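Have a look at the structure below, then the notes.
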Amino acid sequence: APKRKDGRAFTVADEEATCFECLIMHPFSGKRLAYDMITMFVLMYELITIPLEAVGVLSRTAWYHYIGVAITTYWTMDMFMSFFKGYVSKGIVELRAKPLAMAY
């Protein structure tokens, strides 16, 4: 695999990117960092509330129901977003649509 002297990863992208590929997030971009932070917040919420709901501490209020629907929608959209997240493999950043789909 090719290596750079400064230690940064090479990026693999097609010369002629399609409109679909322009939506792919670079793994080190600010958008990707924000997306991953939101994912961590949602995961922490789930890790706290699911056990509390299982033992009956949390009651089913309308607010709790709407938050549950929003979180379920988020996780469903996250499955589709996996096709738009670049990744690093052996020091090379992969941003091509077909390898991303094959990875997920």
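Taken as a whole, the structure leaves R8 outside the set of residues that are in contact with a helix residue (DSSP H, G or I) (Cβ under 9 Å, 6 or more places away or on another chain), open to solvent by 70 Å² or more (accessible area, probe 1.4 Å) and at pLDDT below 85.
Per this entry, V93 is counted among residues that are assigned to a strand (DSSP E or B) and open to solvent by less than 60 Å² (accessible area, probe 1.4 Å).
Residues in the stretch 45-68 include none that are under 25 Å from F20 (Cα atoms) and in a helix (DSSP H, G or I). If you go through the stretch 69-104 and pick out every residue that is under 25 Å from L47 (Cβ atoms) and free of Cβ contacts under 8 Å to residues at least 24 places away in the same chain, you end up with 10. State whether the residues of the stretch 50-73 include one that is exposed (fewer than 10 other Cβ atoms within 10 Å of the Cβ) and either aromatic (F, W, Y) or at positive phi (or both). Looking through the stretch 50-73, at least one residue is exposed (fewer than 10 other Cβ atoms within 10 Å of the Cβ) and either aromatic (F, W, Y) or at positive phi (or both). For the structure I just gave you, tell me whether K85 is among the basic types (K, R) and closer than 21 Å to I38 by Cβ. So K85 passes the test. When the stretch 76-87 is filtered for residues that are open to solvent by 70 Å² or more (accessible area, probe 1.4 Å) and modelled with pLDDT of 90 or more, the ones remaining, listed by number, are M77, M79, F80.
The values are calculated or read from the model by the stated rules, or taken from the named source; none is laboratory data. Bear in mind the structure is a predicted one, so any value in this text is a computation, not a measurement. Cβ atoms come from the backbone with ideal geometry, glycine included; neighbour counts cover every protein chain shown. In case anyone asks, the SASA skips ligands and DNA or RNA and just uses the protein heavy atoms, side chains included. Shrake-Rupley method; radii C 1.70, N 1.55, O 1.52, S 1.80 Å.
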